[in-house]
Amino acid sequence: MTPRYEDVAHRAVAWLVERPRPDDLACHYKSPAVLGLAGHPREARAVLEEIVARFGTADGDFATAEGAKSRNAIFDEIGPTRSAGTKPDVLSTAHLGLVALQLGDLGTARSAGLWLSRFLAAGPERGREFLLRANGTGPLEVLSTGAPDQPYFMIGYPIAFLAKLHDATGSADVLAAAEGFADYALRCGENLRSCQSSHKVAWGTVLLARATGAQCHVELATDIAEHLLGVQAVDGSWSPDAPDCTTFDDPADIAHRLLEITAELPPPSG
């Protein structure tokens, strides 16, 4: 099973290596991590240097154009790219918590985990919707439970971060929060399992399975991964006819998650 995941991931990485990227930060920013993970450190460094040269700003930020992270406006809808005072969302909190954990800042990581636990305890599930930000209404602020083509990656990142935070702390409360987000993912049914944007759910639940041993978490991760294998394009990409930012985002992100799933998938019993 897992060698197939690696093979598909490396086909996507080859696609990324072979193609020049358009003049949009969104087509660059995820590539260095997966290139490094897949054994292409020189190519990863080259993309990083290109990002600095093409998109670096005088104040130390990065942008495609003045005031715009990307030519795709959806990138202005998430976390730190939005105006100060906007309420935090679950993905940005999980991402920054994971960065803190990787940097050894356990206090900040714990704070992020506590925020996610409290957010979940406050009841983000409202009927057939699941809030991703308090009082959310926008396209990346609420999920329609079980509907097709939802941004399911938004709940995958909290599962992954909380699973890793539990590994670092042993906190039962952190593990319970990870399981809470995963329980919601399980209730989303077939549309989540067959959605291209569920790759982070697969990553999160395979990490969680390491802690829980729950077969339902393994099955959810592998169901999503198998779907992703089945819809990869012949050239190694996933969205060849989509806008540039998606065409380059998907191979970088999905290949990254498939490689991590390969490393984390528990061995078969017996």
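Computed across the chain, the Kirkwood hydrodynamic radius from all distinct Cα-Cα pairs reaches 19.0 Å. Counting only aspartates and glutamates at least 8 places from LYS200 when in the same chain, those with an alpha carbon closer than 12 Å to its own are ASP250, ASP253, GLU260.
Each of ALA176 and ARG4 was given a label point 7 Å from its Cα along the Cα-to-Cβ line. The distance between the two points is 3.9 nm. Among the trypsin sites (Lys or Arg not before Pro) in region 126-188, those located in a DSSP loop and surrounded by at most 10 other Cβ atoms within 10 Å of their own Cβ are ARG128.
Mean residue ellipticity at 222 nm, helices only, the chain: -18500 deg cm²/dmol; runs of at least 4 DSSP H residues each add -39,500 (n - 2.57), and the sum is divided by the number of residues. In region 2-264, a dipole from Cβ-located charges (positive for Lys and Arg, negative for Asp and Glu) runs towards its positive end, and of THR246, ASN135, GLY56 it is ASN135 whose Cα lies farthest in that direction.
The peptide list 205-211, 232-238, 55-61, 135-141, put in order of mean Cβ contacts within 10 Å with the highest first, becomes 205-211, 232-238, 135-141, 55-61.
Net charge in the neighbourhood of VAL47 (other residues with Cβ under 11 Å of its Cβ; Lys, Arg +1, Asp, Glu -1) is +2. The relative contact order of region 2-264 comes to 24 percent, based on Cα pairs under 8 Å that sit 6 or more residues apart. Using 0.36 nm per residue and subtracting the Cα-Cα separation, the extra length available between ARG118 and ALA68 on full extension is 14.8 nm. In this simple spin-label model, placing a label point 7 Å from the Cα along the Cα-to-Cβ direction at both ASP167 and SER194 gives a separation of 3.2 nm.
The simple spin-label model puts a point 7 Å past each Cα toward its Cβ; for GLU125 and ALA33 those points are separated by 2.8 nm.
In this structure the amide hydrogen of GLU125, modeled in the peptide plane, comes within under 5 Å of the amide hydrogens of LEU131, none closer than 5 places in sequence on its chain.
Quick note: the coordinates plus some simple rules give every number you see, no bench work behind them. Since we're looking at a predicted model, the values are computed, not measured. Here the Cβ is made from the backbone with ideal geometry for all residues, glycine too, and neighbour counts use every protein chain on show.
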